[in-house]
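The values are calculated or read from the model by the stated rules, or taken from the named source; none is laboratory data. Note that the structure is predicted; figures quoted are calculated from it, not measured. Note: ideal-geometry Cβ built from the backbone for every residue, glycine included; neighbour counts use all protein chains shown.
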Amino acid sequence: MNWPLTQEFADAFAAEWIEAWNAQNLERILRHYAQDVVFTSPFVSRFLGRNDNTVRGAAVLRIYFGRALNSYPDLRFLSQRVYLGAQSVVIEYQSVLNLMATEVMEFNDVGRVCRALAHYATANETSANLSRRSSHSLPLSRDAGTFVPGLEQPRSSFLTQV
């Protein structure tokens with residue numbers, strides 16, 4: 001991306017993106033995405049009836065989003081937070097089915113989403129995770145990597161790679 005992302009851009013983009021979804025306006029939603037978008041979500045397999053959770057291209061994204069809108073006629077997203085990255089924005093919002101969601105959106109040179117990753121947790125899971133985190137933290141390894149449950153070795157932290 002050749003232009004700098006700003007918090008102002010991120011906030012405006014997120015507000016428009018949420019409004020487009022709440023209006024259930026498929027054309028307005030799709031205007032946020034590049035033609036060659038790569039979109040990954042655990043809902044893809046459900047709505048497209050396949051094992052893959054990644055959509056490639058705006059034409060397939062149109063089908064996926066159209067089916068999602070038809071499945072949730074009372075869809076209403078509620079924005080929680082907007083995070084700014086170097087080439088990306090993360091939108092945290094309350095989604096359908098009492099799910100909390102975040103979408104990581106990477107932008108191309110003209111300000112369209114070229115890659116998106118959707119993540120979900122139930123509101124109860126989110127509250128439980130926050131409570132657990134506040135009461136204790138995960139142990140760090142000797143190389144300052146963070147411990148990841150289920151992995152034999154600690155995964156290197158971002159700070160050790162910078």
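So TRP21 passes all but one of these: (1) touching a Ser or Thr at 6+ places or on another chain (Cβ under 8 Å); (2) modelled with pLDDT of 95 or more; (3) among the hydrophobic types (A, V, I, L, M, F, W, C). Which condition number does it fail?
(1)
Which members of the range 23-81 meet the condition of being out of contact with any Cys (no Cβ under 9 Å at 6 or more places or on another chain) and among the aromatic types (Phe, Trp, Tyr)?
Across the range 23-81, the qualifying residues are PHE39, PHE43, PHE47, TYR64, PHE65, TYR72, PHE77.
Does ALA15 meet the test of being surrounded by fewer than 15 Cβ atoms within 10 Å (Cβ to Cβ), modelled with pLDDT under 95, small (Gly, Ala, Ser) and under 17 Å from the mean Cα position of the chain (by Cα)?
Taking the combined requirement at face value, the residue does not satisfy it.
Among ARG67, ARG28, ARG81, ARG50, which is loosely packed, with under 14 Cβ neighbours inside 10 Å, modelled with pLDDT of 95 or more and basic (Lys, Arg)?
Answer to the selection: ARG81.
Could you tell me how many of the residues in the range 111-126 are part of a loop (DSSP other than H, G, I, E, B) and either in contact with a strand residue (DSSP E or B) (Cβ under 8 Å, 6 or more places away or on another chain) or without any contact (Cβ under 8 Å) to a residue 24 or more places away in the chain (or both)? Even if it seems obvious, please write down each step before you answer.
The first filter runs over the range 111-126 and keeps only residues part of a loop (DSSP other than H, G, I, E, B), leaving 111-112.
This time we only want the ones that are either in contact with a strand residue (DSSP E or B) (Cβ under 8 Å, 6 or more places away or on another chain) or without any contact (Cβ under 8 Å) to a residue 24 or more places away in the chain (or both), so: 112.
Looking only at that region, the number is 1.
In the range 84-103, which residues are part of a loop (DSSP other than H, G, I, E, B) and either charged (D, E, K, R) or more than 12 Å from the chain's Cα centre (by Cα) (or both)?
Residues satisfying the conditions are GLY85, ALA86, GLN87.
Which condition does ARG81 not pass, out of (1) assigned to a strand (DSSP E or B); (2) more than 14 Å from the chain's Cα centre (by Cα), if it passes all the others?
(2)
Within the range 29-42, identify whether any single residue is closer than 14 Å to ALA68 by Cβ and in a loop (DSSP other than H, G, I, E, B), and answer yes or no.
Taking every residue of the range 29-42 in turn, at least one turns out to be closer than 14 Å to ALA68 by Cβ and in a loop (DSSP other than H, G, I, E, B).
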